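Colleague: My questions will all concern the structure given below.
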Ligand SMILES: [Zn+2]
Ligand SMILES: [Zn+2]
Ligand SMILES: [Zn+2]
């Protein structure tokens, strides 16, 4: 559904994040540039405008990727394609970490917006419309690119950033599965509205984009069902992840690094029943953070009251 590295050209690598551009980008670039030529006296300016759009998109995606890394998640590639950019981010399964990884993208546009506006206002003030018509049109386009990217991405339609931000916020109250289910349903409703808009204003572009969003909503809906099943599996209530506070699943889910057998790390206090080696660091299936087994123990409630301290 989303573009992958196959069929993409490697552009560069920055801070361990590889940037690729999908082949379809060049076709759409050619089409878009040729339809924008009447805004400028030279087609070079419309090419510059299209490239700027993707530089802004790239900065937005780097916002996601760097924020995801900051919270301990995985992010190592960004692929640009005609529908924008895709940063392959895998933040830890916690609402706070997900919220920051998603919100950092639109925040880049929030930061760029006043700069773009100042640039245009300055061109306008010095009479740029007459003196440098191309440059003035370009600064206006730069402002509009940032504004439209910001507004579009903040629509609460999953998997747009707005939908994912809404999901992270609902996660605090509803949990992982039900928050995803809620935004998938909201996404379907919003997506159908967007599809109606596409037909009304006869925009094949919004139509294609919406079909892509609806397909992802469906995927989110299925994922939520799997997450719900996972939530209902039996858990060990006397143990708890020190990072995300979730109780571990009861059963054989952990891999012994010595003999590669899968075993229940909590049943035998971290000792593998096959080779007797000790797995000291236990990875949480929920947030994927590895912590010492001792840190998983819930603090026992003190049953006996402590003897009163008499101060004299
Ligand atoms: Zn984004
Ligand atoms: Zn955890
Ligand atoms: Zn073993």
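Just so you know, all these numbers are worked out from the coordinates, no wet-lab data involved. Values in this document were obtained by computation on a predicted structure and should not be read as measured data.
Colleague: Helix 161-200 sits at what angle to the longest principal axis of the chain, using alpha carbons and giving 0 to 90 degrees rounded to 10?
Modeller: Between the helix axis and the principal axis of the chain, the angle is about 30 degrees.
Colleague: Then there is this: Where does the chain land at 222 nm, in deg cm²/dmol rounded to the nearest 500, when only DSSP H runs of n ≥ 4 count, each adding -39500 (n - 2.57), divided by all residues? If you can, show how the numbers build up before the last one.
Modeller: Working: 7 runs with 166 residues, N = 312.
So the helix-based figure for the chain works out to -18500 deg cm²/dmol.
Colleague: Follow-up. Could you state the principal axis extents of the C-alpha atoms in the chain, from the largest down, to the nearest angstrom?
Modeller: Projected onto the principal axes, the Cα atoms of the chain cover 86, 57, 38 Å.
Colleague: Step by step: find N for region 155-232, compute 2.2 N^0.38 Å, then divide the Cα radius of gyration by it. What's the final number?
Modeller: Working: Rg = 13.2 Å, N = 78, 2.2 N^0.38 = 11.5 Å.
Compared with the compact-globule rule of thumb, region 155-232 sits at 1.14.
Colleague: Follow-up. For region 1-154, what does the alpha-carbon gyration tensor say about shape, rounded, prolate or oblate, given a ≥ b ≥ c as the root eigenvalues, a/c under 1.5 as rounded, and a/b over b/c as prolate? Before the final figure, lay out each step's value.
Modeller: Working: a/c = 2.82, a/b = 1.54, b/c = 1.83.
Note, shape of region 1-154 comes out oblate.
Colleague: Please build a GNM for the chain, connecting alpha carbons under 10 Å apart, and tell me which residue among 70, 130, 225 fluctuates the most.
Modeller: Between 70, 130, 225, it is 130 that shows the largest mean-square fluctuation.
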